[in-house]
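Reviewing the structure listed below.
Here, each number is a calculation from the coordinates, and none is a lab measurement. Just so it is clear, the model here is predicted, and its values are computed rather than measured. Cβ sites come from the backbone with ideal geometry, for glycine too, and all protein chains shown count toward neighbours.
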Amino acid sequence: MPPDQLLFEILYNLDDSDSYWRENIYRFNKSVFYKIVKETITGIDIERLSTNTLQELIDEYRAKNKGKNGDKIREQFKNFYKHEVIQNCILGPIKWNPFVIWREANSIATTNFEQEFIKTLKYVLNRGYNVDMSTLNDYFD
């Protein structure tokens, strides 16, 4: 999933009562989020996310619009991502970065991914580029 769509999903699924919305220094709350969505993402019916996944709605949009701006939805999500308020949250203090919020909420999955990634990277560097495994272990451990 592209980062802009992942970001949308993170914020959409964040509970209305989450401290992220109440304490955000940019006055970014769920209402502001919906306002930005309404301004930038017009190709899909956001209300249907209660019964469909985001990917299903995007696929449906692309199927309906095949040959005539089927990829327009991608541009809409990019515009959402580039919105000034969204960028402030991403580029500002790490506490307000939605990706960090997601990472903390999914710490087991992200830790497992990082461990597998490092393991694979070590293997490729050792086998494919002949980097000494002890050097790699010193660097990554």
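Annotations for the structure displayed:
- Per the listing ASP16, ASP45, the residue uniquely in contact (Cβ under 8 Å) with a residue 12 or more places away in the chain, surrounded by fewer than 18 Cβ atoms within 10 Å (Cβ to Cβ), closer than 19 Å to TRP102 by Cβ and among the charged types (D, E, K, R) is ASP16.
- Residue match in region 96-111 (condition: of a type outside the set (Lys, Arg), surrounded by fewer than 12 Cβ atoms within 10 Å (Cβ to Cβ) and more than 19 Å from LEU7 (Cβ to Cβ)): yes
- Residue check, ASP4 in a helix (DSSP H, G or I) and either small (Gly, Ala, Ser) or under 17 Å from the mean Cα position of the chain (by Cα) (or both): yes
- Residue satisfying all of: in region 48-72; β-branched (Val, Ile, Thr) and surrounded by 11 or more Cβ atoms within 10 Å (Cβ to Cβ); nearest to LEU11 (Cα to Cα) among these: THR53
- Residue within region 115-127 that is basic (Lys, Arg) and within 18 Å of the chain's Cα centre (by Cα) present: no
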